[in-house]
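Q: After the structure tokens below, expect a handful of questions from me.
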Amino acid sequence: MSTAAEVTDAEIIGRMHGNPAAFEAIFDRYYPAIHGYASRRLGRDLADDVAAETFLVAFDKWRRYDTAQDSARPWLYGIASNLIAGHERAEARRYRAFARAERLATAGANLDGDADQLAIRLDAEAVRGRLAAALHEIAPSDREVLLLVAWADLTGEEIARALEIPAGTVRSRLHRARKGLQVALGGADPTAVGRDFE
């Protein structure tokens, strides 16, 4: 007999045929991660709506889930990504706001504080602003793949399943997105710490 920790998502979804309330376990497992991803992309207010709608869509379409896949994680991120795409203007505004905040922080820095702490804060704000501006410039499809790597920690195979695209397309989109970020950040690649799909 499997323990609760060993039960796969596919097993839980399979149990929904006789007990739709079993979906609560999927919600409990993944809501915080989906909400966090949506929050990073769109801000807290829209994240509440996107995360809730992700699970409503998943519950509505659970019969279509491929139970050969043990983890529902890529499936849920795919649903969330589609919903986030509907909020593309909000995401673009968020990146522009981050970039503006960086410029304002640099221009109006409080010089009364400790010089080392001020320098660290300004460096972080500058990178954050440049990163936000660079993310705004990347094609939405490339940005989607990049953020699924960086913020959702999905593998190339999981991203391919989530977005229903070939693995080669995932690699090429990630490559283009990384190159765009490297140029914007003076050669640094903030995704280099994660998995390398190239």
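The values are calculated or read from the model by the stated rules, or taken from the named source; none is laboratory data. Predicted model only: the values in this text are computed from it and were never measured. Glycine gets a Cβ as well: all are built from the backbone with ideal geometry, and neighbour counts include every protein chain shown. Side chains are part of the model used for accessible areas, which takes the heavy atoms of the whole protein and leaves out ligands, DNA and RNA. Shrake-Rupley method; radii C 1.70, N 1.55, O 1.52, S 1.80 Å.
Q: Scanning the range 54-102 for residues that are aliphatic (A, V, I, L, M) and either outside any helix (DSSP H, G or I) or at pLDDT below 75 (or both), which turns out surrounded by the fewest Cβ atoms within 10 Å (Cβ to Cβ)?
A: Going residue by residue through the range 54-102, those that are aliphatic (A, V, I, L, M) are 56-58, 68, 72, 76, 79-80, 83-85, 90, 92, 97, 99, 101.
From what's left, either outside any helix (DSSP H, G or I) or at pLDDT below 75 (or both): 68, 72, 90, 92, 97, 99, 101.
Values: ALA68: 6, ALA72: 23, ALA90: 14, ALA92: 13, ALA97: 13, ALA99: 19, ALA101: 14.
For the range 54-102, the residue satisfying everything is ALA68.
Q: To continue, here is another question. Only one of (1) surrounded by 16 or more Cβ atoms within 10 Å (Cβ to Cβ); (2) out of contact with any helix residue (DSSP H, G or I) (no Cβ under 8 Å at 6 or more places or on another chain) fails for ASP49. Which number is that?
A: (1)
Q: Counting just the residues of the range 161-181 that are surrounded by 19 or more Cβ atoms within 10 Å (Cβ to Cβ) and over 13 Å from the mean Cα position of the chain (by Cα), which one comes out modelled with the lowest pLDDT?
A: Going through the range 161-181, the residues surrounded by 19 or more Cβ atoms within 10 Å (Cβ to Cβ) turn out to be 161-163, 170, 173-174, 177-178, 181.
Imposing the further condition that a residue be over 13 Å from the mean Cα position of the chain (by Cα) reduces the set to 161, 170, 173-174, 177-178, 181.
On the way: ARG161: 95, VAL170: 97, ARG173: 96, LEU174: 95, ALA177: 92, ARG178: 91, LEU181: 85.
In this case the residue turns out to be LEU181.
Q: In the range 118-160, which residues are open to solvent by 10 Å² or more (accessible area, probe 1.4 Å), modelled with pLDDT of 95 or more and closer than 17 Å to ALA85 by Cα?
A: ALA160
Q: Looking only at the range 16-33, decide whether some residue is over 20 Å from THR155 (Cβ atoms), surrounded by 17 or more Cβ atoms within 10 Å (Cβ to Cβ) and under 15 Å from the mean Cα position of the chain (by Cα).
A: Within the range 16-33, not a single residue is over 20 Å from THR155 (Cβ atoms), surrounded by 17 or more Cβ atoms within 10 Å (Cβ to Cβ) and under 15 Å from the mean Cα position of the chain (by Cα).
Q: Which of the residues spanning the range 1-58 are among the β-branched types (Val, Ile, Thr) and farther than 21 Å from VAL149 by Cα?
A: So in the range 1-58, the residues among the β-branched types (Val, Ile, Thr) come out as 3, 7-8, 12-13, 26, 34, 50, 54, 57.
Those that are among the β-branched types (Val, Ile, Thr) and farther than 21 Å from VAL149 by Cα: THR3, VAL7, THR8, ILE12, ILE13, ILE26, VAL57.
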